[in-house]
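Asker: Below is one structure. I have some questions about it.
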Amino acid sequence: MINFIICDDDLKFRKKVETAVDKYMMKNHTEYKIYLFDDYDKSFLNIVKQKLPFKIYILDIEAPTMSGIDIARIIRNKDVDSALIFLTGHQELSQSVLKNEFVFISFINKFDEFEKHLTSSIDKAIQIFKQNPIMRFKDNGTQYSVAFNDILYITRDSVERKCIIVTDYAEFKVSKTFSELVSILNDNFVQTHRACYVNKKRVACYNRSKKFIMFDNGVTIDLISSRFDKELV
């Protein structure tokens, strides 16, 4: 899932950005979601705080309450992995971005082949994301891309006969078999139960006597079996 966070106080231009993103992503057959804002307000800051996968920020340099440079500094204090793409109608402001030494994808002039440069920048951001360890698979026609680092554990629901991939931000119920999902996990995952694999890199606490695991985000599970817990001891 690619999450696009777009901010521009000009409604018409904001819609142009949204249309350009839709046009590009429709060709890629990848799940995505677009969040639209007209200012760097409380709602925008709430998105910054949320742990969402693969964020691509498309930021207007000039907004009513805060500059794109200021908001980029806030984003980078919390998140070094998301992609930043800056937009402006004033090319001379590019020096302000460069002076702050942000790790960003591009600085786009709104009046100079905007869509072409935006498409190229999105493509570059997605290619960077693909270099990170990711679980990729197709299920019932939907393409899933989930960063391994975001996965807490996977388990099997015997009632619904689906597998559940539990992440920081969502639970994905898929029709893939448990063994099919296990076959594409990386070495960070260990089996703790006949129907559970956990990401040992995310385990903060394991209590063998009380049979529970606590992850680094506070989530706990009791899917523990003495037959499978050897790698957590």
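Asker: What is the distance, in nm, between label points placed 7 Å from the Cα along the Cα-to-Cβ direction at residue 127 and at residue 23?
Answerer: Simple spin-label model gives 2.1 nm for this pair.
Asker: Of 27/55; 110/138; 130/201; 78/124, which ones are farther than 25 Å apart at the Cα?
Answerer: 110/138
Asker: Among [x] 20.5, 64; [y] 15.8, 46; [z] 18.7, 61, find the value of Rg and Dmax of the Cα atoms in Å that was calculated from the structure presented, and write down its label.
Answerer: Here Rg and Dmax of the Cα atoms in Å agrees with entry [x].
Asker: In addition: Please report, as a whole percent, how much of the solvent-accessible surface of the chain comes from carbon and sulfur atoms (probe radius 1.4 Å).
Answerer: Answer for the chain is 48 percent, counting heavy atoms of protein chains only.
Asker: Which net charge results for the neighbourhood of residue 26, defined as the other residues with beta-carbon distances under 15 angstrom from its beta-carbon, given Lys and Arg at +1 and Asp and Glu at -1?
Answerer: Summing Lys and Arg as +1 and Asp and Glu as -1 gives -2.
Asker: When all protein chains stay in place, what accessible area (Å², nearest 10, 1.4 Å probe) is found for residue 205?
Answerer: 50
Asker: Something else now. I'd like the FRET efficiency for residue 51 and residue 113, computed as 1/(1 + (r/R0)^6) with the beta carbon distance as r and R0 of 41 Å, rounded to 0.05.
Answerer: FRET efficiency, residue 51 to residue 113: 0.75.
Asker: Sticking with this structure for a sec: At 1.4 Å probe size, what's the solvent-accessible area of residue 130? Round to the nearest 10 Å².
Answerer: Here the residue's solvent-accessible area equals roughly 100 Å².
Asker: Contour minus end-to-end for residue 70 and residue 230, with contour as 0.36 nm per residue of separation and end-to-end as the Cα-Cα distance?
Answerer: 52.8 nm
Asker: Assuming R0 = 22 Å, what is the FRET efficiency of residue 139 and residue 159, from their Cβ-Cβ distance, to the nearest 0.05?
Answerer: 0.75
Asker: Tilt of helix 68-78 relative to the longest C-alpha principal axis of the chain, in degrees (0 to 90, nearest 10)?
Answerer: Compared with the principal axis, the helix lies near 20 degrees.
Asker: Let me ask something else about it. Looking only at the stretch 1-97, where both bridge partners belong to it, what percent of the DSSP beta bridges are antiparallel (to the nearest 5)?
Answerer: In the stretch 1-97, DSSP labels about 5 percent of beta bridges as antiparallel.
Asker: Oh, and also: Got a sec to turn the phi values of the stretch 143-151 into Karplus ³J(HN,Hα) couplings, 6.51 cos²θ - 1.76 cosθ + 1.60 with θ = phi - 60°, whole Hz, x for Gly and Pro?
Answerer: 8, 9, 9, 10, 5, 4, 5, 7, 7
Asker: Filter 49/230; 15/162; 49/200; 23/162; 15/173 down to the pairs with a C-alpha to C-alpha distance above 29 Å, please.
Answerer: Over 29 Å Cα-Cα: 49/230; 15/162; 23/162; 15/173.
Asker: Show that you can apply the helix-only estimate: for the chain, add -39,500 (n - 2.57) for every DSSP H stretch of four or more residues, divide by all residues, and state [θ] at 222 nm to the nearest 500.
Answerer: After summing the helix terms and dividing by the residues of the chain, the value is -8000 deg cm²/dmol.
Asker: Near residue 12, which aspartates and glutamates are there with a Cα under 12 Å away, not counting those fewer than 8 places off in the same chain?
Answerer: Candidates past the 8-residue exclusion: 38.
Asker: Non-local amide H neighbours of residue 135 (under 5 Å, H modeled in plane, Pro and chain starts lacking H): which ones?
Answerer: 146, 147, 148
The values are calculated or read from the model by the stated rules, or taken from the named source; none is laboratory data. As the structure is a prediction and not an experimental result, all values here were calculated from the model. A quick note on method: Cβ atoms are made from the backbone with ideal geometry, for glycine too, and the neighbour counts reach across all protein chains shown. Ligands, DNA and RNA are stripped out before the accessible areas are found, and what is left, the full protein with its side chains, is counted by its heavy atoms. Shrake-Rupley method; radii C 1.70, N 1.55, O 1.52, S 1.80 Å.
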